Amino acid sequence: MPVNERADVVIVGGGIIGLAVAWRARRRGLSVTLLERDRTGRGTSHVAAGMLAPVAEVEFGAAGRRALELGLRSAERWPAFAAELEEAAGMPVGLLHTGTLLLARDADEASELERRLAFRESLGLRVERLRPSQARACEPALAPTLRLALAAPDDHSVDPRLVLAALLAACRVAGVSVREHAPVARVELDGHGERVTGVKLEGGERLSAERVVLAAGPWSDAIGGLPPAARVPVRPVKGQILRLRDPAGAGLLGRVLRFEGGYLVPRGDGRYVLGATVEERGFQDRVTVGGIYELLRRAGELVPGVSELEIEELSVGFRPGTPDNVPAIGAGAVAGLTWATGHHRNGILLAPLTGELVAELLDPGAGTGSLEPLLAACAPLRFAPDAAELSPAAVGALP
């Protein structure tokens, strides 16, 4: 007969978001069980490039402004988060303060980059226009045909695989119960459908908990048990990505490079991450010649030395996207349910802030007054088709 375990909090999903939430919640004294459908830290987060780039990533429109605010607040937290995590886990996380260059290859891209410069300046973001000669002085490996560059000195990077290993170690040291190969079939509700009581695994086992956090990334929408009005629409956005290595060691690039259709991220040891395609193809996990060719072609036009690098790995990942591509972080439409998903291209960047936001919601003794504007910006209930369909508790929580 299935064993009925119990914890204060059950977290569904063992990527960087689920691990960050689990670590923060456990440090507040809550008993935490983390459930991962496969191997912890081997999904979307494992193939991510690790850019901490709210300035480079900002998009036009209201949703872009909301995502920017979340990104800037989380980027501020990354140095302290990394230091605390390294101390807790006893291992590095690969945080590099390199800055980012946004590049244009031709006149059309240069015109677009000028528009993006003006947009960022209107938001008060720190960004600098560089002539091609100035950009090549910063990064001599850039092609002489470069037309224009922008410098975003506050956008940096981290190695997600090191972060994931450190978070897993820190969770285990703190006493989080981590269970791998434990796919969740459904969220369990009480008889009135107004409060969570735990989760049921695909194998039939039930785990009891007063609070459940859905942090399953692009798989979040596949978990059953919730009425349609209480669900958050999350879709997979495919990305193909390469990991490259310079046999000569470090030195080709020092900064993160962003360009139309891709990016190149140095790890500081002669390894580089080149990515990533953005494809609305569901969970299609094939690496394609066309996708990889375009990434290599575009990068090679800007950094000819890329052609001398060795290919170490070809990967496919699935970003979790919401309809507005802003994450869903906060209380769900039934009591005890919290969402932490839909981070799209910014899961690594937003991990410290998400962990803090969710941990404060989970801790009944903590006040969230200073964080309420951020929670409102990413409230899961914004996707509710009709507030009248929600439970009374959820209606009261609407921002």
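Since every read-out is calculated from the coordinates, none of them should be taken as a lab result. As the structure is a prediction and not an experimental result, all values here were calculated from the model. Don't worry about glycine lacking a Cβ; one is built from the backbone with ideal geometry, like all the others, and counts go over all protein chains shown.
The spacing between the stretch 213-236 and the stretch 1-50, judged by their C-alpha centroids, is 16 Å.
For the chain, the longest principal axis of the alpha carbon atoms and the long axis of helix 289-302 meet at an angle near 50°. Neighbour counts of C-beta atoms inside 10 Å place 78, 219, 339 in the sequence 78, 219, 339, starting with the fewest.
Determine the sum of side-chain charges near residue 187: Lys and Arg each +1, Asp and Glu each -1, restricted to other residues whose C-beta is under 15 angstrom from that of residue 187.
For residues surrounding residue 187, the net value is 0.
Please work out whether the stretch 63-104 counts as rounded, prolate or oblate from its C-alpha gyration tensor, where a ≥ b ≥ c are the square roots of the eigenvalues and a/c under 1.5 means rounded, while otherwise a/b larger than b/c means prolate and anything else oblate? Oblate.
Taking 14 Å as the cut-off, the amide N atoms of the stretch 261-279 that come nearer than this to a point 7 Å along the Cα-to-beta-carbon line of residue 310 belong to 270-272.
Gain on full extension, evaluated as 0.36 nm per residue between residue 141 and residue 202 minus their Cα-Cα distance, stands at 16.8 nm. Remark on residue 14: its backbone amide H falls under 5 Å from those of 37, 41, a criterion applied only to residues 5 or more positions apart or on other chains, H modelled at 1.01 Å from N. Rank the residues 177, 157 as a footprinting-exposure proxy: fewest other Cβ atoms within 10 Å of their Cβ go first. Going from sparsest to densest Cβ surroundings: 177, 157. Over the chain, what relative contact order in percent results from Cα pairs under 8 Å that are six or more residues apart? Relative CO of the chain lands at 23 percent. A helix-only calculation puts the chain at -10000 deg cm²/dmol for mean residue ellipticity at 222 nm, using -39500 (n - 2.57) for each DSSP H run of at least four residues, averaged over all residues. Nearest 10 degrees, 0 to 90: what angle lies between the long axis of helix 347-362 and the longest principal axis of the chain (Cα atoms)? So the inclination is approximately 20 degrees. Put a dot 7 Å past the Cα of residue 174, heading toward its Cβ, do the same for residue 301, and the two dots end up 4.5 nm apart.
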